[in-house]
Amino acid sequence: MSLTSVTSLDASAEQAKVALPPELAAKLAEPAVTEALTSLLSHADLVAVLVEGLDGLIGRSDEIGATLMEGFADLRATVESNESLAGAKSFDFAAITGSVNDFIAVLPQVKELLTPGTLAQLGMLARGLSAGSEQYPKDPVPIGGLLSLMKLIKDPQINAAISYAATVLRAVGRELESK
């Protein structure tokens, strides 16, 4: 940039000056204020995203509030309908908060353990446990002694469950040996 262009810039700046109240001019002359304004202007795109996000949050505040109120109403109904909590007049919110914090702290390890394959296996076990628990009162598998227990091994479903359990137990044993 040449000396004449700098001079013309200074002249343009002089023409563009706007009369500021003295208090505002003094405040803008402070280095900390100037630095803050420069930082704000250099991050104008982020400020725009923040303002847009806040606008969306405020715009949906009625919906968010209604959802929270529904959640609290559901919680109240659950507590009121639970016989073991019927006599409870108050809750130890500090203990509840501590439990929630402990739960949140454990989540990364839980996420690591609960892979889709593990979840599928746990689901299978839960469905089998549920079905067996429902069937047991109506039609339990009779076991009269060691001989009848040995005959059950010939049942393909029981044989498959025993084989599955033995395979899992072997894998758990390997894990225990590796520690």
Notebook entry, point to check: Quick one: would you say Asn159 is over 22 Å from Val172 (Cα atoms), out of contact with any Phe, Trp or Tyr (no Cβ under 9 Å at 6 or more places or on another chain) and either modelled with pLDDT of 75 or more or part of a helix (DSSP H, G or I) (or both)?
Noted result: no
Next item on the list: Search region 152-166 for residues that are under 19 Å from Ala126 (Cα atoms) and open to solvent by 60 Å² or more (accessible area, probe 1.4 Å) and pair each with any residue that is outside any helix (DSSP H, G or I) and β-branched (Val, Ile, Thr) when their beta-carbon atoms are under 8 Å apart and the residues are at least 6 apart or on different chains.
Entry: Asn159/Ile153; Ile162/Ile153
Check: Can you name the residue in region 1-33 that is modelled with pLDDT under 55 and not in a helix (DSSP H, G or I) and is also most open to solvent (accessible area, probe 1.4 Å) among such residues?
Finding: Met1
Check: Out of region 116-137, which residues are open to solvent by 60 Å² or more (accessible area, probe 1.4 Å), modelled with pLDDT under 85 and of a type in the set (S, T, N, Q)?
Finding: Gln121
Next item on the list: Say whether the condition of being surrounded by 10 or more Cβ atoms within 10 Å (Cβ to Cβ), at pLDDT 75 or above and either basic (Lys, Arg) or in contact with a Lys or Arg (Cβ under 9 Å, 6 or more places away or on another chain) (or both) is met by at least one residue in region 34-45.
Entry: no
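Out of Pro108, Pro140, I need the residue that is without any contact (Cβ under 8 Å) to a residue 24 or more places away in the chain, over 26 Å from the mean Cα position of the chain (by Cα) and open to solvent by less than 100 Å² (accessible area, probe 1.4 Å). Which one? Before the answer, list the steps.
On the way: Pro108 fails: over 26 Å from the mean Cα position of the chain (by Cα).
Unique residue meeting the criteria: Pro140.
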Check: Residue check, Asp55 against (1) touching a helix residue (DSSP H, G or I) at 6+ places or on another chain (Cβ under 8 Å); (2) open to solvent by 60 Å² or more (accessible area, probe 1.4 Å); (3) farther than 30 Å from Asp155 by Cα, all met but one. Which one?
Finding: (1)
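The values are calculated or read from the model by the stated rules, or taken from the named source; none is laboratory data. Since this is a predicted model, take the numbers as computed values, not measurements. Glycine also receives a Cβ, built like all others from the backbone with ideal geometry; neighbour counts cover every protein chain displayed. Accessible surface areas use protein heavy atoms only, side chains included; no ligands, DNA or RNA. Shrake-Rupley method; radii C 1.70, N 1.55, O 1.52, S 1.80 Å.
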